[in-house]
Each structure stands twice: as C-alpha cells, then as structure tokens.
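The values are calculated or read from the model by the stated rules, or taken from the named source; none is laboratory data. Treat the numbers as computed from the prediction; the structure is a model and nothing was measured. Note that each Cβ is placed from the backbone with ideal geometry, even for glycine, and that neighbours are counted across all protein chains shown.
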Amino acid sequence: NLQNSTQETETIEENSPVYVGREEDIKKSQRMTAVVHDKEVVIFYHKGEYHAMDIRCYHSGGPLHLGEIEDIDGKACIVCPWHKYKITLSTGEGLYQSINPKDPSAVPKWCSKGIKQRIHTVTVKNGHIYVTLSKPSDFKCDSDFYATGQFKVIQRPS
Ligand code: FES
C-alpha cells in the first residue's frame, strides 16, 4: 500500500551515500562537516583513514568538529572540547581511565564504556567522498539524543 511504499522510499533514501566533498580538500583540512540526510556529521581524515560520526558529543552535545585528535592507548580519539571526553574515531567508543582503589600505586588503565557516539561509513570514489549513515537499528548510542530535536543541525553548509 501507499504508506508502506513511502516508508520504504524514506528508508532507502536515509541509507543512501551522500556526497560531502573532495578528497584533495579533506587531505588539506584533515576534517570537514556536512549535513547528510538532515543529520550533521563530522568527517576526519587521520593517518590515511576516514572516519565519520555525529557532530554533537554524546555527553552533553559538545562540538566534536572543534576537538583535538589524540592517541589514547594506541587508539586515535577525538577529545571533546567541552569536558575532554575521549571517543575512538573508528568505533565511537567512549574511553575512561580506571584505577584499582585498593592499589593506589597501580597505573590507571584505559577502559571502554562501549559505543557512545554514532559513527557512519565513509567511501571514496574517484576523489569524491561519500557518507552513508548507520541505521539506529544497527546499534544504539547516547549521541542519538543530540542528533534530534532542538539539537539537530547546528550549522548548514554555506
Ligand atoms: Fe563532550 Fe561533555 S559535551 S565531553
């Protein structure tokens, strides 16, 4: 029926790759922002690899495109400029340091809180970069809250 076919069309559209920019530009700037199917994402080019994620930090909606990338325990992480939460570029996991309270001399260890930030797929074809949004059914994560409602789309491409 009509309703089903409309829903199907929307699903297909939301999951289709969207052109976001040129490879030669991101290789210079190392990062870019884009609106993909009305969702604002940041794309990083780091050590020869592309990573895309929702632009607003899962903690309180901080602007991840303004953060620094740091190597934490062998993993490339974006550090949110607001409260310094660390998010792995490749998986969207939130990292935290834990220490054994019974052993104050122990070295703090980096641990994962699990996937907290929604990541998306980046593909490159003929020097053009495309982003395909991940589906909410693939995994749940806290950043979804800041990708909807009043937080949605904090800037439009000019
Ligand atoms: Fe990102 Fe708090 S909003 S660390």
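Within the range 77-97, restricting attention to residues that are crowded, with 18+ Cβ neighbours inside 10 Å and among the charged types (D, E, K, R), the residue that is nearest to the ligand (Cβ to nearest atom) is Lys86.
Looking across the range 33-58 at every residue that is surrounded by 17 or more Cβ atoms within 10 Å (Cβ to Cβ) and without any contact (Cβ under 8 Å) to a residue 40 or more places away in the chain, the one that is farthest from the ligand (Cβ to nearest atom) is identified as Tyr45. Set side by side, the residues Thr123, Thr148, Thr132 differ, and just one is farther than 24 Å from Asp71 by Cα and either aromatic (Phe, Trp, Tyr) or at pLDDT 95 or above (or both), which is Thr132. Screening Lys109 on (1) over 27 Å from Thr132 (Cβ atoms); (2) touching a Cys at 6+ places or on another chain (Cβ under 6 Å); (3) among the basic types (Lys, Arg) shows it passes everything except condition (2). Contact map, the range 79-97: residues that are among the charged types (D, E, K, R) paired with residues that are within 11 Å of the ligand (Cβ to nearest atom), Cβ distance under 6 Å, separation 6+ or inter-chain. Pairs shown: Lys86/Val79. Could you tell me which residue of the range 59-76 is nearest to the ligand (Cβ to nearest atom), considering only residues that are aliphatic (A, V, I, L, M) and touching a residue at least 24 places away in the same chain (Cβ under 8 Å)? Of everything passing the filter in the range 59-76, Leu64 is nearest to the ligand (Cβ to nearest atom). If you check Lys109 against the conditions, is it out of contact with any Ser or Thr (no Cβ under 6 Å at 6 or more places or on another chain) and basic (Lys, Arg)? It is false that Lys109 is out of contact with any Ser or Thr (no Cβ under 6 Å at 6 or more places or on another chain) and basic (Lys, Arg).
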